[in-house]
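To start, the structure itself, in structure tokens.
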Amino acid sequence: MMFVKSSLSNPDSLELEGLDETEKGIVLRVRSKETPRCLGCSSSYVAYHSTYLRYLRDLAWLGRPVRIQFKTRRFRCLNPQCPRKIFAESLTGVAARRARETNRFAQTIGMVGYCLGGRPRSRLMQRLGMRARRDTVLRRVKERSAPETETNVRVLGVDDWA
């Protein structure tokens with residue numbers, strides 16, 4: 001069993017292990033150099049448990065789709081009072097939890113969907129090498145919309161309503 005003490009405090013702690021070129025695009029193999037803190041108790045004393053691969057879509061490079069293959073490690077928390085026994089390291093600042101795309105990819109497809117919409121959006125994204133289904137684009141556009149704010153209207157005139 002390996003015992004370590006550290007924390008994943010910045011997303012720049014990622015290390016590129018390799019780059020593969022396939023017929024579907026480019027695959028970047030990435031891993032983290034640091035060990036995260038437990039999410040339940042913030043303890044930095046953890047033990048290695050296992051690994052799994054996580055794939056994220058990223059912005060295209062020269063019109064070719066890019067996927068990031070992140071080697072995610074799982075850890076055991078060694079604090080006996082911690083309610084969370086096993087946890088996985090996260091990509092804070094790079095991708096949301098359980099997301100299949102990077103934050104910048106999600107923002108870009110949301111922006112293109114908001115500005116163009118429909119067929120022009122699909123033609124542009126195909127030309128850029130960024131594939132996304134229309135449901136995904138609509139979800140990203142809705143995420144970009146401004147949050148609803150409560151306004152307390154005391155008096156509403158006919159002219160204001162019309």
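The values are calculated or read from the model by the stated rules, or taken from the named source; none is laboratory data. For clarity, every value in this text was computed on a predicted model and none was experimentally measured. Cβ atoms come from the backbone with ideal geometry, glycine included; neighbour counts cover every protein chain shown.
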Among (1) among the hydrophobic types (A, V, I, L, M, F, W, C); (2) surrounded by fewer than 18 Cβ atoms within 10 Å (Cβ to Cβ); (3) in a strand (DSSP E or B), Cys41 falls short only on (3)
Pick out the one residue from Ser145, Ser122, Ser90 that is modelled with pLDDT under 85 and either closer than 25 Å to Thr51 by Cα or touching a strand residue (DSSP E or B) at 6+ places or on another chain (Cβ under 8 Å) (or both). Ser90
Is it fair to say Pro120 is part of a loop (DSSP other than H, G, I, E, B), surrounded by fewer than 16 Cβ atoms within 10 Å (Cβ to Cβ) and without any contact (Cβ under 8 Å) to a residue 24 or more places away in the chain? no
Subset tally (residues that are over 18 Å from Arg133 (Cβ atoms) and part of a helix (DSSP H, G or I)) for segment 84-114: 2
Going residue by residue through segment 65-75, is there one that turns out to be touching a Cys at 6+ places or on another chain (Cβ under 9 Å) and assigned by TED's automatic domain parsing to the domain that holds Glu23? yes
Going by the structure shown, is Ser43 in contact with a strand residue (DSSP E or B) (Cβ under 8 Å, 6 or more places away or on another chain), modelled with pLDDT of 90 or more and of a type in the set (Gly, Ala, Ser)? no
Given (1) under 18 Å from the mean Cα position of the chain (by Cα); (2) over 30 Å from Val141 (Cβ atoms); (3) of a type in the set (Lys, Arg), index of the condition Arg37 fails: (1)
